[in-house]
Amino acid sequence: MMNLNTNYSPESKVWIYQSSRPFTEEEISAINDQLAIFTKQWTAHNAQLQAQGNIIEDRLILLIVDETHTAASGCSIDTSVHFIKSLEKKFNVDLFDRTLVNFYRDGTLSSVHLHDLPELFAAHVINEETQVIDPLVNSKATFDTNFKTALGNSWMKNFLQ
């Protein structure tokens, strides 16, 4: 798990991109290197953003911007989306599938599609206590408290029926 910079404001903006598959060790190293380069050059209206990025849990890309210094603008967010799309193409993965659900089973992170949750729930593969990743966290504060949460406490519980 990535250790977020503790100097970042709790209101710092967070984006989570879920990969359609786990990254290899070589890919993680290469992507982390590219994230470091990108975040060092990432600007909004020619002002440097205080940002970082990293792979977490071998399949999630996290970007964070501390907006107490410089706020991410529409153009800078567009730039980050283009960057993430370039990673998709280079590493042949889907990073924009919002129907992916990542959950822990026996300590290992697994991925399924949202429409598969009712079947897994009925088969007792998952339950309301199953830890899931919430890719919709949008601040450092919500990342710190809700990134990993029980399925029953998440918005995903609405898809169990």
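One residue stands out among those in segment 63-112 that are over 23 Å from Ser139 (Cβ atoms) and among the charged types (D, E, K, R): the one that is modelled with the lowest pLDDT, which is Asp106. Thr99 falls short on exactly one of the conditions (1) open to solvent by less than 20 Å² (accessible area, probe 1.4 Å); (2) among the hydroxyl-bearing types (Ser, Thr, Tyr); (3) in contact with a helix residue (DSSP H, G or I) (Cβ under 7 Å, 6 or more places away or on another chain), and that condition is (1).
Screening Val112 against (1) open to solvent by 70 Å² or more (accessible area, probe 1.4 Å); (2) free of Cβ contacts under 8 Å to residues at least 40 places away in the same chain leaves a single unmet condition, (1). Listed by first and then second residue, the pairs linking a residue in segment 74-88 that is in contact (Cβ under 8 Å) with a residue 12 or more places away in the chain to a residue that is assigned to a helix (DSSP H, G or I) and of a type in the set (A, V, I, L, M, F, W, C), with Cβ atoms under 9 Å apart and 6 or more places separating them unless they lie on different chains, are Thr79/Phe38; Ser80/Phe38; Phe83/Leu35; Phe83/Phe38; Leu87/Ile31; Leu87/Leu35.
The sole residue among Asn32, Asn102 that is in contact (Cβ under 8 Å) with a residue 40 or more places away in the chain and closer than 24 Å to Phe147 by Cα is Asn102.
Screening Phe159 with (1) at pLDDT below 95; (2) among the aromatic types (Phe, Trp, Tyr); (3) open to solvent by less than 50 Å² (accessible area, probe 1.4 Å) gives one miss only, at (3).
Filtered by the rule that a residue be in a loop (DSSP other than H, G, I, E, B) and either open to solvent by 70 Å² or more (accessible area, probe 1.4 Å) or in contact with a Pro (Cβ under 9 Å, 6 or more places away or on another chain) (or both), segment 68-95 gives Thr68, His69, Asn92. The residues of segment 115-154 that are closer than 21 Å to Ile61 by Cα, of a type outside the set (S, T, N, Q), in a helix (DSSP H, G or I) and open to solvent by 80 Å² or more (accessible area, probe 1.4 Å) amount to a single one, Asp144. Out of all the residues in segment 59-66, is one or more surrounded by 14 or more Cβ atoms within 10 Å (Cβ to Cβ), touching a Ser or Thr at 6+ places or on another chain (Cβ under 9 Å) and not in a strand (DSSP E or B)? Taking every residue of segment 59-66 in turn, at least one turns out to be surrounded by 14 or more Cβ atoms within 10 Å (Cβ to Cβ), touching a Ser or Thr at 6+ places or on another chain (Cβ under 9 Å) and not in a strand (DSSP E or B). Within segment 36-51, the set of residues being open to solvent by less than 40 Å² (accessible area, probe 1.4 Å) and touching a helix residue (DSSP H, G or I) at 6+ places or on another chain (Cβ under 8 Å) comprises Phe38, Trp42, Ala44, Leu49, Ala51.
Number of residues in segment 67-79 that are in contact with a Ser or Thr (Cβ under 8 Å, 6 or more places away or on another chain) and among the acidic types (Asp, Glu): the value is 1.
Screening the candidates Asn158, Asn146, Asn46, Asn92 for the property of being under 24 Å from Ser12 (Cβ atoms), more than 13 Å from the chain's Cα centre (by Cα) and free of Cβ contacts under 8 Å to residues at least 24 places away in the same chain yields one hit, Asn46.
The values are calculated or read from the model by the stated rules, or taken from the named source; none is laboratory data. Fair warning: this is a prediction, and the values are worked out from it, not measured in the lab. Note: ideal-geometry Cβ built from the backbone for every residue, glycine included; neighbour counts use all protein chains shown. Surface accessibility is based on the protein's heavy atoms, side chains included, excluding ligands, DNA and RNA. Shrake-Rupley method; radii C 1.70, N 1.55, O 1.52, S 1.80 Å.
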